[in-house]
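What follows draws every value from the coordinates through simple rules; no lab data is involved. From a predicted model like this one, the values you see are computed outputs, not experimental measurements. Cβ atoms come from the backbone with ideal geometry, glycine included; neighbour counts cover every protein chain shown.
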Amino acid sequence: MTRVLIVDDHALFRQGLRSLLETMEGLEIVGEAGDGQGALDLAASLNPDVILMDIGMPDFDGLEATSLIKVRFPNIKVLVISMHADHLFIRQALIAGASGYIFKGAAFPELKAAIESVIQGAPYISPVLLVSVLEDYIKLTPQDDLKMKYNTLTKREKEIFELIAQGLGRQIIGARLFISPKTVDRHKSNLKEKLGLNNDLEMKSFAKQLNLIE
């Protein structure tokens with residue numbers, strides 16, 4: 001039985017989606033959330049197999065929620081369901097760790113196929129979006145790619161990243177942000193994984209390319 005969590009800030013959409021999914025064999029709807037914090041809390045308490053994630057929500061959005069969930073619970077699959085058809089949203093969702101991206105205007109058979117695909121470990125993007133995604137991907141510059149990776153970071157991660165890039169040590173960063181050095185280390189480890197970096201030198205180079213430091 002595949003355990004599914006629905007995350008969307010519109011109650012009517014959640015209810016409609018639940019009604020459709022309850023007709024699918026092998027699925028169990030374990031909960032619903034209306035914002036990013038709720039998604040994170042329920043991911044921790046319910047441990048679903050798949051989260052159906054909206055993007056535009058209160059507190060923090062679906063992209064940030066996806067990023068946090070994938071860092072803490074890497075085995076949970078996230079399928080983004082959004083009205084945003086822009087390739088930047090799609091790419092940011094994938095960078096954040098989403099296994100798929102489906103357009104809200106899609107028919108139910110496509111949603112079913114998308115869920116089955118991500119459960120099996122295969123990424124899924126709505127066919128209607130693929131052409132524009134591929135065309136725009138070809139046009140991306142290296143700096144565009146860096147910006148999108150940086151934009152998947154949380155506000156706190158951005159603060160810590162910039163302080164590390166400036167050459168500050170864990171003790172000083174912890175004192176400035178009122179967190180422990182161990183917490184700084186944990187954030188630093190997550191930053192390296194999310195940005196694909198190996199050490200402080202690469203973090204500094206990354207920051208320079210985005211003009212975050214001189």
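Fraction of C-alpha pairs exceeding 31 angstrom in the chain: 25 percent, rounded to a whole number.
So what's the back-of-envelope 222 nm ellipticity for the chain, counting only DSSP H runs of four-plus at -39500 (n - 2.57) apiece and dividing by all residues, rounded to 500?
Values: 11 runs with 122 residues, N = 214.
Calculated at 222 nm, the ellipticity per residue is -17500 deg cm²/dmol.
By other beta-carbon atoms within 10 Å, ranking Ile213, Ile95 with the fewest at the front produces Ile213, Ile95. Selection among Gly174, Leu163, Leu201 by position relative to the dipole of the range 153-209 gives Gly174 as farthest towards the positive end (Cβ unit charges, Cα centre). From the alpha carbon centroid of the range 19-86 to that of the range 155-197 is 27 Å.
If the limit is 26 Å between Cα atoms, which of Lys77/Lys208; Lys112/Lys188; Lys155/Lys182 go over it? Don't jump to the answer; show the numbers that get you there.
On the way: Lys77/Lys208 33 Å; Lys112/Lys188 38 Å; Lys155/Lys182 18 Å.
Result: Lys77/Lys208; Lys112/Lys188 exceed 26 Å.
What helices in the chain pass both tests, a Cα length along the helix axis of 18 Å or more and a mean Kyte hydropathy of -1.0 or higher, using whole DSSP H runs? The qualifying helices are 127-139. Annotation: aspartates and glutamates with alpha-carbon distance below 20 angstrom to Lys192 (same-chain offsets under eight excluded): Glu64, Asp144, Asp145, Glu157, Glu159, Glu162, Asp200, Glu202.
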